[in-house]
Amino acid sequence: MSPQILPNEVFINQKVFLINGKPRVYQVLDIEKNILFELTENKQYNLWQLFFQSKKPFTMEFEYNGNQFKFIKKSKLSSDMLGIFDKNNNLIALIKKDFLKDIEIFDKDEKNLYTIKSTYAKRNFKIEKSNQEIASISKEFAGLAKEIFTDSDNFCIKLADNISLEEQMVFIATSIFIDCLYYDD
């Protein structure tokens, strides 16, 4: 495992754009709200695609401390998936949500890596490996005006000690995937 580079608690802040059709931008922040890095969609979309935000495909490429990663989201009618890739385009993990199933995270050989359990309201998510919690993702209250009038969402990710940078990126990707599935329409 590579050493942990991110802090044990990070925040994901989706920036607000008042003009529809702008690409999504997420900021990854430390506990003091300092920006660690940003993730931006590589494409702008037409207005008709705004009606189907959760099904909108996207790619995000970014670098953190010399490590390059890429997130690619694709959707079908009955499923959504997000792949996490390294700088050589090797698949690190695949996050998948099939119709009427929970979110699952698989490795490159389609072996289940993590179990995700959530509350009924889909605000708190526990990520477990071998029945031991290694991360949690919580939807944070963004403020009354933001919650009512925008699609901007905030998440808090709490990470266990001694997890690799690749696993941390999987959990950041999971929070973005959750945002797309449950909060963007």
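Table: residues versus (1) over 17 Å from the mean Cα position of the chain (by Cα); (2) modelled with pLDDT under 90.
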position	(1), (2)
N131	yes, yes
G143	yes, yes
D151	no, yes
N154	no, yes
D161	yes, yes
V170	no, no
D179	no, yes
Y183	no, yes
Worksheet item: For the stretch 43-54, how many residues meet the condition of being closer than 22 Å to M81 by Cα and either at pLDDT 90 or above or surrounded by fewer than 14 Cβ atoms within 10 Å (Cβ to Cβ) (or both)?
Response: 6
Worksheet item: Is there a residue being more than 26 Å from K158 (Cβ to Cβ) and modelled with pLDDT under 85 anywhere in the stretch 115-125?
Response: no
Discussion item. I need the full set of residues from the stretch 74-113 which are of a type in the set (V, I, T) and touching an Asp or Glu at 6+ places or on another chain (Cβ under 7 Å), in order please.
Written reply: I92
Practice prompt. Please tell me if F99 is surrounded by fewer than 13 Cβ atoms within 10 Å (Cβ to Cβ), touching a residue at least 12 places away in the same chain (Cβ under 8 Å) and not polar (S, T, N, Q).
Written response: yes
Worksheet item: Can you pull out the residues in the stretch 97-129 that are of a type outside the set (A, V, I, L, M) and part of a loop (DSSP other than H, G, I, E, B)?
Response: F99, K101, D102, D107, K108, D109, E110, K111, T119, Y120, K122, R123
Discussion item. Give all pairs with beta carbons closer than 8 Å in which a residue from the stretch 16-42 that is modelled with pLDDT under 80 meets a residue that is among the basic types (K, R) and not in a loop (DSSP other than H, G, I, E, B); count only pairs at least 6 apart in sequence or on separate chains.
Written reply: V16/K146
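The values are calculated or read from the model by the stated rules, or taken from the named source; none is laboratory data. Being a predicted model, the structure only gives us computed values, none of them experimental. Glycine also receives a Cβ, built like all others from the backbone with ideal geometry; neighbour counts cover every protein chain displayed.
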